[in-house]
Amino acid sequence: MSTGRRAAQLLHYGFFAVRGYQQYLRRRPGLGGAGWPAFGVGGGAVALTVDDGPHPDWTPPLLDLLARHDIRATFFLVGDRVRERPGLARRIAAAGHVLGNHSMTHPQPFAALPPPVQRAEIAGAQAEIEAATGVSPRLFRAPSGNWSAGVLRATAEQGLAPVDWTVNPSDWRRPGTDRIARALSRSRPGQIMLCHDGGGDRSQTVAALARVLPQLLARGLTFTTPAGRR
Ligand SMILES: [Zn+2]
């Protein structure tokens, strides 16, 4: 067998080994060991996570919706958007939702940034959220879930737990309310749902959640947060 062919075969099997390990990790409940991101939650519940806000158009209707159904979610906030709308960040916290850190400016790809920039992005958002709300987030989600060993190290250094997701309706792409709702409606106990209330027009996301949340509750699902508590 030629060296080139052997290398191609190794790459092929290596790829499937990595995919398999990722899928194994995604099934693991809890906050994950050894600094790995959490891909799930325990307690037989689901977790709704909402990224990229706060936003004056989409955060308030989402908060109203969650309040109507008495559901607590986790909001991964962007630091510079908190600085623009500190009142909205306070409203999220006052409603009993968990606040998470989603970097200061949402740069991408996050893992490609120099480590000092990654650390400054995380620390900056932490400071903005604390200043606006008095709450110190305990959770971090890398922009686009772009994790690396370096990003996980920076996360751990600042005392934060990394949180990923399991159910991704790609609502940021605006695929239509029906498609977002269908993807979210397949959520099962132990999974973390990913939605967005910032970074663009999120009317489809809010409409899809308005349809799906009552369905999930009717199925007997309960809602928790990756933090377990605030
Ligand atoms: Zn994001």
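For the reader, a short list of remarks on this structure follows.
- Pairwise label distance in nanometres, Glu157 with Trp36, each label 7 Å out on the Cα-Cβ vector: 2.4
- For Asp80 and Ala149, a Förster radius of 22 Å and the Cβ-Cβ distance give a FRET efficiency of 0.25, rounded to the nearest 0.05.
- Between Asp201 and Arg219, the simple label model (points 7 Å from Cα in the Cβ direction) yields a spacing of 2.9 nm.
- Taking a sphere under 11 Å around the Cβ of Ile92 and counting the other residues whose Cβ falls inside, with K and R at +1 and D and E at -1, yields a net charge of +3.
- Taking label positions 7 Å along the Cα-Cβ direction at both Arg174 and Arg188, the computed distance is 3.3 nm, reported to one decimal.
- Cα shape, the stretch 31-224, gyration tensor, a/c 1.5 rule: prolate
- Cα centre as origin, Lys/Arg/Asp/Glu Cβ charges: the stretch 31-224 dipole, Debye: 480
- A Förster radius of 25 Å combined with the Cβ-Cβ distance from Arg211 to Gln108 puts the calculated FRET efficiency at roughly 0.25.
Bear in mind that the values in this text are calculations on the coordinates, not laboratory data. From a predicted model like this one, the values you see are computed outputs, not experimental measurements. Cβ atoms come from the backbone with ideal geometry, glycine included; neighbour counts cover every protein chain shown.
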